[in-house]
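Worksheet: one structure, shown below.
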Amino acid sequence: MSDFLPLMSPAWPIIAGGLLCGLLPWYGIRKAVTLALPLIAAALWFNVDQPGVFGAFEAAGFTFETFRYDGLSRIWGLIFIIATLINSIYGLHDRDRLQDSTALIYAGAGLGAVFAGDLLTLFFFWELTAISSVFLIWASRNPAAFRAGLRYLAIHVLSGVLLLAGSIIFASSTGSWAFNDIGLDAPGGVLIFIAFGIKAAFPLLHNWLQDAYPKSTVVGAVVLSAFTTKLAIYALARGFAGTEILIWIGAVMTAFPVFFAVIENDLRKVLAYSLNNQLGFMVVGVGVGTELALNGAAAHAFVHIIYKGLLFMSMGAVLYRVGSVKASELGGLFKSMPYTAVFCIIGAASISAFPLLSGFVAKSLTLAATAQEGHWIAWLVLVFASAGVLEHSGIKIPYFAFFAHDSGKRVKEAPWNMLLAMGIAAFLCIFIGVFPQYLYALLPYDYPYQPYTFDHVVGQMQLLIAAMFAFSLLMRFGLYPAERPSINLDTDWFYRRLGDGLFKWTGAMSGRLSAAITNRFGRAGRTFSDRLFNLFSPAGALSRDVPSGIMAIWTSVLLGLVMVIAYVAG
Amino acid sequence: MTDDSKTPGPAASGDEIHPAAKPFLWIEKPVVHLWFLILLAATSFALGAIDFIHERHEYVDWAEWHGFYAWFGFGGFALAVLSGWPLRRLIGRPENYYEKAAGDE
């Protein structure tokens, strides 16, 4: 421990720097700040040499623990810091001040939540991740992104509200705000579980991810892919380790996106489905809950942030240069962007868990733990999902973007900063795969595990090569569904189409009701119906998009204010 | 304040091929695809055959069946891909599906 550095959460300098960036009009200085902040955060992380709770302060009778450094939080903290640095490098070409600022605040909020030792601190940072990250979606500055951002904000604010409600119930029953093992049987436990589940994109609660991430900016999608969902996995590991239902939830999460991804045309949306699939492995690990399984979830989260970021970066580079990431419009790009293609292939091979790459040494921990504990159905689903990962992320992404039929598009290679960021991520994928002991040394539990056994390597290669053979065969005989400009229905249909339809029907019915009231009761009725119309009609106060968004933001802000007032009054 | 990421588009003209890609243009030839398919088939069988001379030890008994992972990889992949045909019929919609309803997408 250095005497020159305080024992302070690495979140604070990043958040403060993010706020500063919002005020700095000078591009060069701002970018220097975005690079320096993760380095400062890393110094603070390295400054702690033993587990403990630091940065605690008292306010209105509550103790806020802002820097709990232990086996679980330190690995998540480190990977969040690494991701922040890589993202900053990737975004060096971008001159969007708002995006620079909110990307840092968002990363800092993620770090703050990971290091939170109590539920109130967790709630504060939980909400901050939601509010700051929505600007990365809105930064696309188009109507589709704006609407998707509103939907994203609404569901994440709901997550925050549930977390707060569950925390209050939990604390009032147990007398403790400490964020440790909670469990479903604890008072408020179910509410907290659902709050975490929304952010972890549990099945049926998952579609905010596929809706919002692909509509974000080139840089925004990379940043978004790193923090929110992995924070949720951390929270589940902290509060619900060994909760058996997570095994089944996770198993479903690994399997269902495989089918959606096959027919998805937007390659960033394919990656969003792939994110669901990968989160499923981690959720299973948390559900199994043994030391090996929790090590698996932590290791998987660590390597996943790197290779999923790498894949989002490569598709971001394609979007930046070509203007599209629709598989039906791409192909043959390796001729123009060979380095991006190579980095993408490394990311694809890593996520597919080829030996000597990071996915191989991480994913196997969860699979081994699941089999060890006798959850053979879940294990079987995970093995199927491993073949599915190869399909959507291992083959589909690089193949349809860089190879397949030549689209004839000839563009420049990605900017140097994007290549550098992708190069660092690719290097880490290989380094961790070749030297897994460095990753294992960071894991929460000291549990011996040897990934490179003859049986494991042969079994994994059998799975992957046979799956690649299936792909080649299906392509040769025209059995692989062609990439088409289309979209696919998912659970968002319920609120984007069914909900919309119900809303319009309600509007029409209220119009008829209003007319009937006017005819029947004359002036008094007319006044009443006019008021209803002003409030609820499609042009009314509760129906406009902008006010709805502002309402969502205000809900979040007010939640924070209510808390502050409650503390002071208490 | 501008957003470079919002202004993508072709940044080079003509049929320029990156110098680093030129030595690899052969991978587009159909005969290479055929040989790649044959190579994958041969490797799959070779890897599967290892199970006949080396007994793998697994936590789940039937994962020790000969060629279990090879069959599972091939079958699982084929299932996922082939299910795309009926699934697309069921849930595939035009790109402007939501746009028609709410000016979205």
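The values are calculated or read from the model by the stated rules, or taken from the named source; none is laboratory data. Everything quoted here is computed from the prediction, not taken from an experiment. Cβ sites come from the backbone with ideal geometry, for glycine too, and all protein chains shown count toward neighbours.
Summary of computed values
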{"item": "Test result for A:PRO451, crowded, with 17+ Cβ neighbours inside 10 Å, of a type outside the set (Lys, Arg), touching a Ser or Thr at 6+ places or on another chain (Cβ under 6 Å) and more than 10 Å from every other protein chain (Cβ to nearest Cβ)", "result": "yes"}
{"item": "Residue pairs meeting the criteria (Cβ under 7 Å; at least 6 apart or on separate chains; first within 28 Å of B:LEU37 (Cβ to Cβ), in segment A:470-492; second aromatic (Phe, Trp, Tyr) and at pLDDT 90 or above)", "result": "A:ALA470/B:PHE74; A:ALA470/B:PHE77; A:PHE471/B:PHE77; A:SER472/B:PHE36; A:LEU474/A:TYR480; A:PRO481/B:TRP85; A:GLU483/A:PHE400"}
{"item": "Of all residues making up segment A:271-304, the number that are under 14 Å from the mean Cα position of the chain (by Cα) and within 14 Å of another protein chain (Cβ to nearest Cβ)", "result": "3"}
{"item": "Residue among A:SER328, A:SER274, A:SER324 that is outside any helix (DSSP H, G or I), within 25 Å of A:ALA148 (Cα to Cα) and not charged (D, E, K, R)", "result": "A:SER324"}
{"item": "Any chance A:ALA56 is out of contact with any helix residue (DSSP H, G or I) (no Cβ under 9 Å at 6 or more places or on another chain), in contact (Cβ under 8 Å) with a residue 24 or more places away in the chain and surrounded by fewer than 22 Cβ atoms within 10 Å (Cβ to Cβ)", "result": "yes"}
{"item": "Matching residues, segment A:59-114, being surrounded by fewer than 21 Cβ atoms within 10 Å (Cβ to Cβ) and among the polar types (S, T, N, Q)", "result": "A:THR63"}
{"item": "Segment B:30-54 residues that are more than 10 Å from every other protein chain (Cβ to nearest Cβ), paired with ones that are part of a helix (DSSP H, G or I) (beta carbon under 8 Å, 6 or more apart)", "result": "B:VAL32/B:TRP26"}
{"item": "Filter result for A:SER393 (within 22 Å of A:MET475 (Cβ to Cβ) and hydroxyl-bearing (Ser, Thr, Tyr))", "result": "yes"}
{"item": "Hits in segment A:131-166 (condition: of a type in the set (S, T, N, Q) and within 10 Å of chain B (Cβ to nearest Cβ))", "result": "A:SER140, A:ASN142"}
{"item": "Number of positions in segment A:335-373 that are among the aromatic types (Phe, Trp, Tyr) and within 12 Å of another protein chain (Cβ to nearest Cβ)", "result": "1"}
{"item": "Residue satisfying condition, being crowded, with 24+ Cβ neighbours inside 10 Å and either at pLDDT below 95 or in a helix (DSSP H, G or I) (or both), within set A:PHE427, A:PHE343, A:PHE400", "result": "A:PHE343"}
{"item": "Where a residue in segment A:231-256 is at positive phi and its partner, wherever it lies, is surrounded by fewer than 23 Cβ atoms within 10 Å (Cβ to Cβ), with Cβ under 9 Å and at least six apart", "result": "A:GLY242/A:ASP181; A:GLY242/A:GLY183; A:GLY242/A:GLY289; A:GLY242/A:THR290"}
{"item": "Residue within segment A:374-397 that is more than 12 Å from chain B (Cβ to nearest Cβ) and over 16 Å from B:GLU58 (Cα atoms) present", "result": "yes"}
{"item": "Test for A:ALA515: is it modelled with pLDDT under 85, of a type in the set (A, V, I, L, M) and over 30 Å from B:PRO94 (Cβ atoms)", "result": "yes"}
{"item": "Which numbered condition A:SER176 fails, given (1) within 14 Å of chain B (Cβ to nearest Cβ); (2) without any contact (Cβ under 8 Å) to a residue 12 or more places away in the chain", "result": "(1)"}
{"item": "Restricting segment A:458-493 to residues that are more than 10 Å from every other protein chain (Cβ to nearest Cβ) and surrounded by 14 or more Cβ atoms within 10 Å (Cβ to Cβ), the residue that is nearest to A:ALA201 (Cα to Cα)", "result": "A:THR491"}
{"item": "Qualifying positions in segment A:86-95 - at pLDDT below 95 and either β-branched (Val, Ile, Thr) or within 12 Å of A:PRO25 (Cβ to Cβ) (or both)", "result": "A:ARG95"}
{"item": "First in segment A:16-40 and on the phi < 0 side of the Ramachandran plot, second anywhere and basic (Lys, Arg), Cβ under 8 Å, 6 or more apart", "result": "A:CYS21/A:ARG30; A:CYS21/A:ARG97; A:GLY22/A:ARG97; A:LEU24/A:ARG30; A:LEU24/A:ARG97; A:PRO25/A:ARG97; A:TYR27/A:ARG95; A:ARG30/A:ARG97"}
{"item": "Residue in segment B:72-93 that is more than 7 Å from every other protein chain (Cβ to nearest Cβ) and not in a helix (DSSP H, G or I) present", "result": "no"}
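Yes/no matrix, rows are residues, columns are (1) in the same structural domain as A:LYS409 (by TED's automatic domain parsing); (2) in contact with a Pro (Cβ under 9 Å, 6 or more places away or on another chain); (3) of a type outside the set (S, T, N, Q):
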{"site": "A:ILE233", "(1), (2), (3)": "no, no, yes"}
{"site": "A:LEU236", "(1), (2), (3)": "no, no, yes"}
{"site": "A:ALA251", "(1), (2), (3)": "yes, no, yes"}
{"site": "A:VAL258", "(1), (2), (3)": "yes, no, yes"}
{"site": "A:LEU267", "(1), (2), (3)": "yes, yes, yes"}
{"site": "A:ASN276", "(1), (2), (3)": "yes, yes, no"}
{"site": "A:GLY285", "(1), (2), (3)": "yes, no, yes"}
{"site": "A:ALA293", "(1), (2), (3)": "yes, no, yes"}
{"site": "A:LEU310", "(1), (2), (3)": "yes, no, yes"}
